[in-house]
Amino acid sequence: MIQTPYYLIDKSKLLRNLEAMDRVRRMSGARVLLALKCFATWSVFDLMRRHMDGTTSSSLYEVRLGREKFGGETHAYSVAHADHEIDEVVSCADKIIFNSIGQLERFGDRAGTIARGLRLNPGVSSSSFDLADPARPFSRLGEWDAGKVEKIMDRISGFMIHNNCENADFSLFDRMLTRIEEKFGSLLKRAEWVSLGGGIHFTGENYPLDACCERLRAFSGRFGVQVYLEPGEAAITKSTTLEVTVLDTLFNGKNLAVVDSSIEAHMLDLLIYRESAKVAPNEGPHRYMVCGKSCLAGDVFGEFDFPAELKVGDRISIQDAAGYTMVKKNWFNGVKMPSIAIREPDGSVRVVREFGFADYEQSLS
Ligand SMILES: Cc1ncc(COP(=O)(O)O)c(C=O)c1O
């Protein structure tokens, strides 16, 4: 038995998503880059790189990880590149995408021979969270004014537009893309490539993948551009669990179970967006609030139903623990950081990384 807590990546489940990547590449002609901001656990890149064209990034360290650990086509984007980082960023990348005309003007000449692009902000998004909405009022994410962009077209060869957020509604995606075509059509006609970012939930159940691919192919043909997609969540959804053990049970008006993990430290994204974790099958007569072991009063994974009373030593498997989760784990309260384990397609499980006191100590000074 592997000591909990640990993240468990199931390669067979991951492969289901990756097969959808293959279909998208084949049917739409788009190239598909993994968004490292969502998932950067490089131990499974050997599998992922067979089904994806490369990576996209948000910082120097991500672009370097993409180049060194994934390979393929490597896009460098950042909300703002720093003077002391730009040369290394360029040395790791095939394309650099600037967030603003200001950054392009400042660093464009340092891009050497690699392709330069600009982020556009179409002013519409599918996000229901203000926090994650690139089109929120006063957003800093990309240029909005086609007239201004027109003037620097001789300095770039493509665009990146990211305005979808876990969008499982193809007709909404279609409408937003039409809006992009209307707003930026004259610019797109002069581009060689356009990345439509991430956030399209095309690996979700019943997603009309064929229609989406047709739409992408039509977009590509209309403007004569190579289309890129930058899936994060869609690439790894439902592939990974966080395995925890019950350390204590209490009754305080509700049945509580304290586990050897922490939502604040190990699934922070859920806490930020005030969402519950998921436990499967979540059925049975015994309802428990599953709580983390950090001292944060609201360190609660959620309330779930179990077939039997929980007792100390029971294992619980928290679902969907890959995206924006492993990349955000932290050392709050010095809680032991979950190890990383991989389940191979033949069922065997191996631990690929353990974290100990030295890692905690060395994360500060
Ligand atoms: C520029 C860009 N590309 C790709 C992604 C990945 O999005 P998702 O994980 O929703 O597919 C994001 C997410 O924030 C992003 O900002």
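The values are calculated or read from the model by the stated rules, or taken from the named source; none is laboratory data. In this text the structure is predicted, and so the values were computed from the model without any measurement. Reconstructed Cβ throughout: ideal geometry from the backbone, glycine too, with neighbour counts over all protein chains shown. Heads up: the accessible areas ignore ligands, DNA and RNA and are worked out on the full protein's heavy atoms, side chains in. Shrake-Rupley method; radii C 1.70, N 1.55, O 1.52, S 1.80 Å.
General observations
- Checking each residue in segment 199-246 for being charged (D, E, K, R) and within 16 Å of the ligand (Cβ to nearest atom) picks out 230, 233, 238.
- Spans of strands (runs of 3 or more DSSP E) in segment 171-257 with at least 3 residues out of contact with any helix residue (DSSP H, G or I) (no Cβ under 6 Å at 6 or more places or on another chain) and farther than 20 Å from residue 127 by Cβ: 240-251
- Restricting attention to segment 195-238, the residues that are among the polar types (S, T, N, Q) and out of contact with any strand residue (DSSP E or B) (no Cβ under 6 Å at 6 or more places or on another chain) total 3.
- Criterion (surrounded by fewer than 19 Cβ atoms within 10 Å (Cβ to Cβ), at negative phi and touching a strand residue (DSSP E or B) at 6+ places or on another chain (Cβ under 8 Å)) met by exactly one of 241, 245: 245
- The listed residue being outside any loop (DSSP other than H, G, I, E, B), open to solvent by less than 50 Å² (accessible area, probe 1.4 Å), in contact (Cβ under 8 Å) with a residue 60 or more places away in the chain and within 24 Å of residue 170 (Cα to Cα), out of 32, 44: 32
- Summed over segment 285-316, residues that are surrounded by 15 or more Cβ atoms within 10 Å (Cβ to Cβ) and not in a strand (DSSP E or B) total 7.
- Scanning segment 258-284 for residues being open to solvent by 10 Å² or more (accessible area, probe 1.4 Å) and either among the basic types (Lys, Arg) or in a strand (DSSP E or B) (or both) gives a total of 4.
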